[in-house]
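K.L.:
My structure is below; once you've seen it, I'll send some questions.
Nothing in this text is a laboratory measurement; each read-out follows from the coordinates by a stated rule. Since the model is a prediction, treat every value here as computed from it, not as a measurement. Ideal geometry is used to build each Cβ from the backbone, glycine not excepted, and the neighbour counts take in all protein chains shown.
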Amino acid sequence: MVARSKQNSPQERRTRVVADRAADVGKPLDDSISRVLSAAAFAAEKHRNQRRKDKEASPYINHPISVAQLLACEAFERDVHLLAAALLHDTVEDTNTTFKELEKHFGKLITGIVRELTDDKALPKRERKRLQVEHAANASQAAKLVKLADKICNLRDLNAAPPADWSLERKREYFDWAKQVVDQLRGSHPRLEQLFDAEYARRP
């Protein structure tokens, strides 16, 4: 007797895939998805009363979401700590969040990335901007990627929906300062650098 082949037909394989997907319904979310969603929810709560400076006063949370989305969808990054840090990167600097609170909820690694991205608001603005340029090259790889994505998003926002009271000169100054920061990050991520350069080419 000839043994029957154990190889599944294409139809059988498709049926198996559908069945496997159906079996996944109701299972707990993958931990990485849960971590990113938790970071998004935390950031949304912390930034809930803040608005961007554009004419429409759009919700501030749009910005960290844009930074994380850029990293995931345009730079094709999938590291959960990186994406969570992108969502949380302004929470300590711009809200009443503490590093201790972040560490309690998200651990030392994510908190460490956010710490690198947080300016000291006790310093004058000009000094904070100088330090960003000075410290950029020595940041961790994760912090460099978030910083690149952050600057890309800020330039895009300045081109699409700038603060209502910003003059042309101020916009240009920001573009040029952002480039000084990014020039210290060269070699970190060619794709992000390409996206930044494309946006900088649209300098007003």
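K.L.:
Sort through Asn159, Asn96 and tell me the only one that's of a type in the set (S, T, N, Q) and in a helix (DSSP H, G or I). Show your work before the answer.
P.N.:
On the way: Asn96 fails: in a helix (DSSP H, G or I).
Going through Asn159, Asn96 in turn, the sole match is Asn159.
K.L.:
Can I ask one more? Can you tell me how many residues in the stretch 104-148 are closer than 18 Å to Val92 by Cα, among the aliphatic types (A, V, I, L, M) and part of a helix (DSSP H, G or I)?
P.N.:
Matching residues across the stretch 104-148 total 8.
K.L.:
Is it the case, given these coordinates, that Val181 is part of a helix (DSSP H, G or I), over 16 Å from the mean Cα position of the chain (by Cα), surrounded by 18 or more Cβ atoms within 10 Å (Cβ to Cβ) and in contact (Cβ under 8 Å) with a residue 40 or more places away in the chain?
P.N.:
Details: part of a helix (DSSP H, G or I): yes; over 16 Å from the mean Cα position of the chain (by Cα): yes; surrounded by 18 or more Cβ atoms within 10 Å (Cβ to Cβ): yes; in contact (Cβ under 8 Å) with a residue 40 or more places away in the chain: yes.
Yes.
K.L.:
Output yes when any residue across the stretch 95-106 is surrounded by 15 or more Cβ atoms within 10 Å (Cβ to Cβ) and closer than 19 Å to Gln194 by Cβ, and no when none is.
P.N.:
Looking through the stretch 95-106, none of the residues is surrounded by 15 or more Cβ atoms within 10 Å (Cβ to Cβ) and closer than 19 Å to Gln194 by Cβ.
K.L.:
Could you tell me which numbered condition Glu56 fails, if it satisfies all but one of (1) buried (at least 19 other Cβ atoms within 10 Å of the Cβ); (2) part of a loop (DSSP other than H, G, I, E, B)?
P.N.:
For Glu56, the exception is condition (1).
K.L.:
Another one. Considering Val92, Val114, Val146, Val133, which residue is hydrophobic (A, V, I, L, M, F, W, C), closer than 20 Å to Asn49 by Cα and surrounded by 14 or more Cβ atoms within 10 Å (Cβ to Cβ)?
P.N.:
Values: Val114 fails: closer than 20 Å to Asn49 by Cα; Val146 fails: closer than 20 Å to Asn49 by Cα; Val133 fails: closer than 20 Å to Asn49 by Cα.
One residue alone meets the criteria, Val92.
K.L.:
Still on this structure, please answer the following. For Phe76, are the conditions met, namely being outside any helix (DSSP H, G or I) and over 10 Å from the mean Cα position of the chain (by Cα)? Explain how you work it out, then say what you get.
P.N.:
Working: outside any helix (DSSP H, G or I): yes; over 10 Å from the mean Cα position of the chain (by Cα): yes.
Considered against the rule, which asks whether it is outside any helix (DSSP H, G or I) and over 10 Å from the mean Cα position of the chain (by Cα), Phe76 comes out as yes.
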